[in-house]
Amino acid sequence: MFFVPTIRNLYGSEQPTVYTQFMATKTINIKESAYLALKSMKHEGESFSDVIIRLSRGDRKKVTDFVRSLSPELREELAASVTSVKKELDEVRPMEVEW
């Protein structure tokens with residue numbers, strides 16, 4: 001059993017309290033071309049807000065996911081290349097520049 005808050009009306013009888021929640025909305029101005037681009041990316045049943053949220057999150061993938069997708073031989077070659085370049089960069093001395 002759960003508790004439903006009530007209020008007394010003018011006649012003394014109790015009525016359930018109804019709570020409503022509204023989401024804030026904002027109006028934005030965009031160019032017609034931006035609207036058409038956004039509309040073309042909209043899936044069926046999806047609001048423009050849903051599209052903007054989906055696109056702003058993007059399909060961000062981690063570099064590690066990309067590296068794991070490579071063949072073991074290519075991963076080893078990439079690791080050797082990165083290690084070699086890092087050693088070179090560690091040995092570089094900054095140039096002095098006169099102002």
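Readers should treat all values here as calculations from the given coordinates under stated rules, not as data from a laboratory. Bear in mind the structure is a predicted one, so any value in this text is a computation, not a measurement. Cβ placement follows ideal geometry from the backbone for every residue including glycine, while neighbour counts extend to all protein chains displayed.
Observations, loosely collected:
- Stretch gain in nm, segment LYS26-GLU76, where the contour uses 0.36 nm per residue and the Cα spacing is subtracted: 12.9 nm
- As a calculated quantity, the FRET efficiency between SER40 and GLU91 at R0 = 41 Å, using C-beta atoms, amounts to about 0.20.
- Enclosing the Cα atoms of the range 21-99 in their convex hull gives a volume equal to 300 cubic angstrom per residue.
- Full extension of the chain between PHE66 and SER47 yields a length gain of 3.7 nm, computed as 0.36 nm times the residue separation minus the alpha carbon distance.
- 3J(HN,Hα) along the range 79-89: 4, 5, 5, 4, 4, 4, 5, 4, 4, 4, 5 Hz, from the Karplus curve 6.51 cos²θ - 1.76 cosθ + 1.60 with θ = phi - 60°, whole Hz, x for Gly and Pro.
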